[in-house]
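Each reported figure results from applying straightforward, stated rules to the coordinates on display, with no laboratory input. Remember, predicted model here, so these are calculated numbers, not experimental data. Cβ atoms come from the backbone with ideal geometry, glycine included; neighbour counts cover every protein chain shown.
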Amino acid sequence: MPLKFELLCINQDQQKKVKYTKPKYLLWDLLITENLWKSEPVICEDSLELSDNAQNIKLSIQPFDMSKMVTGDRSSSAYYIIVEGDFDHLEPFRIKLIDELKNSGFNYRQILIDDVSNQIAINIYPLINKIETLLRKYIVKFFITKIGTDWWPIVVSKDNIEKAKTKRTNETVFTSTSKIIANVTLLQFDQLGKIIYSQSSIFTKIEDVISKIKSAVDLESLKQEVVEGNYAKYFKDTFEQNDFQKKWEKLTFIRNKVAHNNYFVKEDSHLAKELCDELMTIINNAESTIDALTLSIADKEALIKARNEIEQEEQEEEQSEQQEVRISEDVEEGDEKLIIPQNIVKKKTYSALSEDQLINEIKECSKLPKYSEFIGLKSFINYLEQKGYSFKSSQALINLLADKGKIEFYPVPNPFSENNTTAIRLIE
């Protein structure tokens, strides 16, 4: 089935004399435009058609009725132009035709049907869908492996998190019913890319950098921690040095054209394939090196600090909401109204431990009869939570101290299960 290209062209310029008072005059003008045709076109004035057998192109003209227009010049020349042909010939023909109509004085030109652009978009979409799915998989795998299930608020900006929340109801089976964790799937294409090329440093706040400068022993150690840490170096080597951002932004431009049914030329298809191939190589190579990356102690400290700050902000927001006076009812007495505030149930807040505090808590805990034989990991974290310390922050800090060699995990037989209990102790 031949592809169709249809457009409406109108000469609305009141300063110019109407050039084509009859459609056959426009037909003849197109006939003698040599750059449109590969062979001598066959003209049929009765049906207002031109055919070029060499490129299998058929063009027809139909008058467009302007007599009922409310605005504009009703005497303007206005026509539908319909072109049919195969992809390879129709694709360049469209552009040459539009240029000719522009040069002929048609100052209003609007495409109504463009099967060529539609075909290109159909070919491009699976490529973009595949590369977007691949990056989503990589993002989830990397950040859960290196940070944990709390990675989302640490890595993604508040603004993008809020935008993602508004899209939860776009899909009724998986996301709106909370059957799955739907975070990266709700981000826009460009936001996905920004997650990657915004990871230039784990130290996102200037005060963190200043703190590292003050505590640095020498310039080389400072560079290793802030500028050349394992985290920053990983993203630089795997993404930045391979022009990931530039390529992703180019593909985003094409992807947006597909999403909005915009117009395409053949070169767009070639560029999309080239970009997707290159990006796929970058992402696959990055995924293959995930396990080889070991975050430095400074990287881990920065991540824990960022996580604690987010938790603190969330608690402060909840407290602020609780402090708002909620009115239960208005009681009228004469001309006055007594406003009775509803009792507010305050949610318990938790704080984060420092390293010294955690070590002291382990020492104090070991003195309790309950923990005389060993300190179970889960039991200890629950003990800390009862004392007002954040469960997740304590867990992260314990992992960090283990990486620093200050505490160790060891198995203890569990009489109630085949699986051992994990216990912790200080390394003297």
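Computed over region 252-296, the quotient of the alpha carbon radius of gyration and 2.2 N^0.38 Å is 1.67.
Convex hull volume of the Cα atoms of region 3-106, normalised per residue: 97 Å³. Residues HIS270, HIS89, arranged from fewest to most other Cβ atoms within 10 angstrom of their Cβ, appear as HIS270, HIS89. In sequence order, region 253-268 has phi-based couplings of 4, 5, 4, 5, 5, 5, 4, 9, 6, 7, 8, 10, 10, 4, 4, 4 Hz under the Karplus curve 6.51 cos²θ - 1.76 cosθ + 1.60, θ = phi - 60°, and Gly or Pro positions carry x. Remark on SER176: its backbone amide H falls under 5 Å from those of GLU171, a criterion applied only to residues 5 or more positions apart or on other chains, H modelled at 1.01 Å from N. From least to most packed, judged by other beta carbons within 10 angstrom and beginning with the fewest, TRP37, TRP28 follow the order TRP28, TRP37. Spin-label pair GLU317-VAL140: with each label point 7 Å from Cα along the Cα-Cβ axis, the two points sit 2.3 nm from one another. In the structure shown, the pairs LYS96/LYS266; LYS246/LYS273; LYS130/LYS165; LYS137/LYS194 are assessed against 18 Å; a Cα-Cα span above that value is assigned to LYS130/LYS165. The residues MET280, MET69, MET1, when put in order of fewest to most other Cβ atoms within 10 Å, stand as MET1, MET69, MET280.
Distant-in-sequence amide contacts of PHE64, defined by a placed amide H-H separation under 5 Å and a gap of 5 or more residues or a different chain, comprise ALA78, TYR79, TYR80. The label-point distance for THR349 and GLN62, in a model that sets each label 7 Å from Cα toward Cβ, rounds to 7.0 nm. Between MET69 and ASN414, the contour length at 0.36 nm per residue exceeds the Cα-Cα span by 115.6 nm.
Shown here for region 19-117: GluC sites (Glu not before Pro) in loop regions (DSSP other than H, G, I, E, B) with at most 12 other Cβ atoms within 10 Å, namely GLU45.
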